[in-house]
Structures are given as C-alpha cells and as structure tokens.
Amino acid sequence: MRPSESTLLPEQFGPLQGMRILSTGTIVAEPVAAGMAAEMGAEVIHVERPGAGEDWRVAEFPIEGPDGNLVASSWLQDHRNMYHTTLDFSTAEGREIFLQLAHWANVWMESSKARTYDKWGLDDDTVLAANPAIVICHVSGYGQDGDPEYVARASYDFTAQAFGGMMNLVGNPEPDPPTRAVPWTADYITALFCLWSSLAAYIHAQRTGQGQVIDLAQFEAVHRILSGTMVAYHELGLVRERAGNKAGNAQPWDTFQAKDGWVVIAAVGPVVYGRVCRVLDLDPDEEKWVKARREVNSPEGIEFDAVLRGWVEDRTVDEVVRIFSEAQVGCSRIMNAREMAENSHYQARGVHVQWEDQQLGKPVTGVGIVPRFSETPGKIWRGSVPVGHDNELIYGNLLGITPQTLDKLTARGVI
C-alpha cells in the first residue's frame, strides 16, 4: 500500500491531500515548509528529539499556557495541522523506526549540516532502498558538497543573509552598518524553496515512481533572489552596494516622513511619474523635471526630492496615502501590527483568523491560510500540540507498534 492510499487526517482537504511528509528539521526553514504543506492538506509528521523537544518552542515572544509552559508565538503560527512525534535517530531502534516512517512517506524534509544522517546509518541510499519513490530534501546552510571547510560550517538565518549577499544590499550606505532583513527572512525564503522543490520532485515521483534527492543550500536560496546583482557583476563589473530605500536609478521610490508617521511612495515609469508631478503642481514635460526622474543625484533630481518631501511633511499619512492613491501612484502607510490588525482591507479579506490551540487550551489569532484556492482551499484543523503528542497515533496506528513496546521505547529514550 502506498502512502496516498491511506491517511491519518480526520478529513481530506486542500490541493495536497493524499500526500504524506516526514519532517525532521529544526528551528524555522524546514518546519515552516512542512507546515505550509500541512495547511494545504498534506499529512505532516514532524519529529523532535525526545524529552523537551525543540528549543524553538519557547524562543520568540512566548505565551504562557495553563500548565505554566511557555509557547513561542512563532511556534503557534507555524506548527498548525502537524502531527508531532519524538524519536532518537542515533539508536538502532530509532533508525529502524525512522526507516519504517520513510517507507510510508512521499517526502522527507530535513535540516542539518551535510551528511548528519549518514552517521546514524540513514544515508540517502539506505532511505531510498526503504522507499524508492521517496523525495528527500536536505536543507543545510552551505549544501551537501563543495568546499569542505564551508560545508562543515554552522549556519543560521543571519549567516545565510550575510554569505548569500542579502545583507550587503539591505540598509543605508556606508558608513552605516549592513542590516538584516526580519523576521528570519533567509529562513522563510529557504522554506519556500524547500516546499516548491519538494513538490516538483513529488510530481515527478508520482509520474514515474522514481524518488530523488534535493540539495538545498540556504545561502543559495538567498542568493537566487538577488535579481540581476550577479549578472551586473559578471557582465558589467558592477558591485552593487547598499542604497537605503532609494531605487537609485529613478524616483520617487523611497520612504517619506509625514506629520504623523512614515509612508512609501513608488512610481515606475514616466506615466506614473507624471501623476506625481501633477499632484505637486509640477509640469512633467518640463525639461528639468524630465531629467529629475532618472538622474536622481543631479541638481534637478535633488530639487524634485526636496519638493516632494516638503509636500509630504505638510500632510498627515492618511492625506498623503489618499491623494496619491486617488492619483494611481503606489503609496502606503508603513504598517505595524496594530495597524494591520485594525485595517479595513485586512479585515475584509479575513487575513487574520482564530483557531483552537491545544497547548494553550484556548483560541489564538494569527495569519490564516495564504494563498486562497477556489476549488481546494486549505484549512486549519488544529493548532500546535505538546512534545510527542502524536507518538501513540503515529507509531501505533501507522506502524503497528504495540503499547507495551512503546512504553519500553519511551523508558529507554528512543521516543
């Protein structure tokens, strides 16, 4: 029987129904990828270390549960819909249990340094022998091969942003320091690469019965989204540097301070630039303002920027956004959490939803399912659960391990 022929889920939903994912990563990138799949109907079995589970459970903005335990806000958001088990891969029994799980999975996602699982006898060949159709996605900081010194390095979101080239482009020019993108931007970018690549390989496996191995280096996921940065270097010798919020080659494209807060104003192309000029009572066909659009550091460009900033400073954020929006110019308040929660458009689209969390024992509110599907929508069928909450269900119902054996494995710290 193949994994798609049975399910542990209480009901089928979403575009990924019938798909089973084995998830053994930690912290952010890989678990988020698995969690997004779970919100679209995949059956996800997430494995933590026996005992306390992952440190990330309590790492960020923790909320106290009824038993006094703390649960991180990010854990509540990202670990919905997932089955949670515990397993020690380093033991012989743990290895065999893992291979049984892999046998019934379509995809195995993990995050660790290269070849970590090899030392436990869980190398790719062994796992593929247990399930020739399985897709294996290895998420690591520097990849599974390459310069051995780099492959052996530790990596986190921060280091991937630095090594991948993102931090060199984020923030104000020298002498200000480079700035990291938040929250955990490299991790979330990597999560998206992990999920889409796993789904691509899963489609191939469904068509051919052939599994394969994905080598996803976190720094490469970050590096891939740098647009034309590397083409500009290789073809033009250009080393792109930090420019703050300005586009650098056209305006307006920046942050501007109003009476009571900050806005962004973005105009792409001469047509939209002309709309900005007309709001400012400037003639967009006048030679100096034509020059100002592209030559942002020229006297004309600097004058245009000063005129616009003066205009914005004399008005409230709401006034600026209303006037430029009516003129069909890109403009927005820079939103914080309170403003997003109270915003009419967020509310009209139902972006924030409530679900019941099993750890807190109460409803919590956060971001709902993104994106929306017309025919096979995702859903939240349960919130996060305690460490090892689903051990009996997964190991008993799926693998057929008896309660007595489970008790013994628990006592020895295998699960």
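Details
- Of Phe61, Phe373, the residue with the largest accessible area leads and the full order is Phe61, Phe373 (1.4 Å probe).
- Listed cross-link partners Lys259/Lys291; Lys119/Lys408; Lys113/Lys246 are compared with a 32 Å cut-off, the Cα-Cα value being larger for Lys113/Lys246.
- For the chain, built as a Gaussian network whose Cα springs stay under 10 Å, the top-fluctuating residue of Ile380, Ile97, Ile265: Ile265
- Length added when fully stretched, Thr376-Glu356, from 0.36 nm per residue minus Cα-Cα: 5.0 nm
- Where Tyr150, Tyr156 fall by accessible area, highest first, once all protein chains stay in place (1.4 Å): Tyr156, Tyr150
- Accessible area of Trp56 in the full protein assembly, 1.4 Å probe (Å², nearest 10): 40 Å²
- Gained length - Asp283 relative to Glu295, 0.36 nm times residue gap less alpha-carbon distance: 2.6 nm
- Here the extension length gained between Ser344 and Val182 equals 55.8 nm, from 0.36 nm per residue of separation less the Cα-Cα distance.
- Here the Gaussian network model covers the chain, with springs between Cα atoms less than 10 Å apart; of Ile189, Ile63, Ile45, Ile63 fluctuates the most.
- The stretch 150-298: C-alpha gyration tensor shape, a/c 1.5 cut-off, then a/b vs b/c: prolate
- Listed by chain and number, the aspartates and glutamates whose alpha-carbon sits under 18 Å from that of Lys288, ignoring those within fewer than 8 places in the same chain, are Glu300, Glu303, Asp305.
- The stretch 1-134: relative contact order as a whole-number percent, Cα under 8 Å and 6+ apart: 26 percent
- Taking every C-alpha pair closer than 8 Å and separated by at least 6 residues, the mean separation divided by the residue count of the chain gives a relative contact order of 18 percent.
- Sequence of Leu169, Leu9 from largest to smallest accessible area, 1.4 Å probe: Leu169, Leu9
- With the whole protein complex present, Asp55 retains an accessible surface near 110 Å², based on a 1.4 Å probe.
- Label corresponding to P(r) over Cα pairs in 20 Å bins from 0, in percent when calculated from the structure given, among (i) 25, 52, 20, 4, 0; (ii) 29, 58, 13, 0; (iii) 22, 48, 25, 5, 0: (iii)
- Counting DSSP beta bridges with both ends in the stretch 1-155, the antiparallel % (nearest 5): 15 percent
- Think of the stretch 283-340 as having a plus end and a minus end, set by charges on the Cβ of Lys, Arg, Asp and Glu; of Val296, Val307, Val321, Val321 sits farthest toward the positive end of this dipole.
- Under 16 Å from the Cα of Lys362 - aspartates and glutamates, other chains or at least 8 residues apart: Glu64, Asp67
- For the chain, hydrophobic long helices are taken as DSSP H runs at least 27 Å long by C-alpha position along their axis with mean Kyte-Doolittle hydropathy of 0.5 or more; these are 185-208.
- Electrostatic bookkeeping for Met82 treats Lys and Arg as +1 and Asp and Glu as -1; over the other residues with beta carbon under 11 Å from its beta carbon, the sum is -3.
- Cβ-based charge dipole, the chain, positive-most Cα from Leu76, Val263, Gly171: Leu76
- Distance between the modelled labels on Val231 and Asn69, one decimal in nanometres: 5.0 nm (7 Å Cα→Cβ projection).
- Taking Cys331, Cys194, Cys137 in turn, the Gaussian network model of the chain (Cα-Cα springs below 10 Å) assigns the largest fluctuation to Cys331.
- At the residue level, Asp283 shows approximately 80 square angstrom of accessible surface with a 1.4 angstrom probe and all protein chains present.
- For the stretch 1-76, size of Cβ-based charge dipole, Lys and Arg +1, Asp and Glu -1, in debye: 240 debye
The values are calculated or read from the model by the stated rules, or taken from the named source; none is laboratory data. For clarity, every value in this text was computed on a predicted model and none was experimentally measured. Please note: Cβ atoms are built from the backbone with ideal geometry, for glycine as well, and neighbour counts cover all protein chains shown. Ligands, DNA and RNA are stripped out before the accessible areas are found, and what is left, the full protein with its side chains, is counted by its heavy atoms. Shrake-Rupley method; radii C 1.70, N 1.55, O 1.52, S 1.80 Å.
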